[in-house]
Each structure stands twice: as C-alpha cells, then as structure tokens.
Amino acid sequence: MIPTITALCLWLGCSNDTIYTYAKNKQMYEYGDILQNAINVCKLCNENGAIEGGISPQVFALLASNYYG
C-alpha cells in the first residue's frame, strides 16, 4: 500500500481539509506539528518508493501533484 494523506485521514477519522488546516495553523492547533510530520512521512515514503522503483513515475507524479502541491 502506498502511504497517502487520504489513507492517513481515513485511519484518523477526519478529512483531508482537517489535516491540512491543522498542519498549516500550528499556532492554533496543538497537533499541527505532528500532522505536518505525518504529511512529511507520506511524502518521504512516496519519494523513496519512486526512487527505488516501488512506485511508478506516473503514480508518483499524480500523488505529488495532487497531495503535495
């Protein structure tokens, strides 16, 4: 399974918008830093998967453009 923000949100029981709102407004939300770290872990896993060949370049491009701006 490719780690994604959507999978993280399903596991946590919240929406993508909630994760990004909390991560962007770290001063307002106690868990903002933790959620930003979780986003970074998803990015890192996807990048490593693309480098190692576990994720195709097309899938990585889709994930990167849709989830990581």
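The values are calculated or read from the model by the stated rules, or taken from the named source; none is laboratory data. Only a predicted model underlies this, so the values are computations on that prediction, with no experimental measurement involved. Positions of Cβ are generated from backbone atoms using ideal geometry, with glycine treated the same way; all protein chains shown enter the neighbour counts. Each accessible area value is taken on the protein alone, full model and side chains, heavy atoms only, with ligands, DNA and RNA left out. Shrake-Rupley method; radii C 1.70, N 1.55, O 1.52, S 1.80 Å.
What the table below lists for this structure:
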item: Residue count, segment 41-65 (criterion: part of a helix (DSSP H, G or I) and either more than 14 Å from Ala7 (Cα to Cα) or touching a strand residue (DSSP E or B) at 6+ places or on another chain (Cβ under 9 Å) (or both)); result: 15
item: Selection status of Lys43, open to solvent by 50 Å² or more (accessible area, probe 1.4 Å), without any contact (Cβ under 8 Å) to a residue 24 or more places away in the chain and among the basic types (Lys, Arg); result: no
item: Selection within segment 19-30 - under 18 Å from Thr6 (Cα atoms), open to solvent by 70 Å² or more (accessible area, probe 1.4 Å) and in contact with a helix residue (DSSP H, G or I) (Cβ under 6 Å, 6 or more places away or on another chain); result: Tyr22
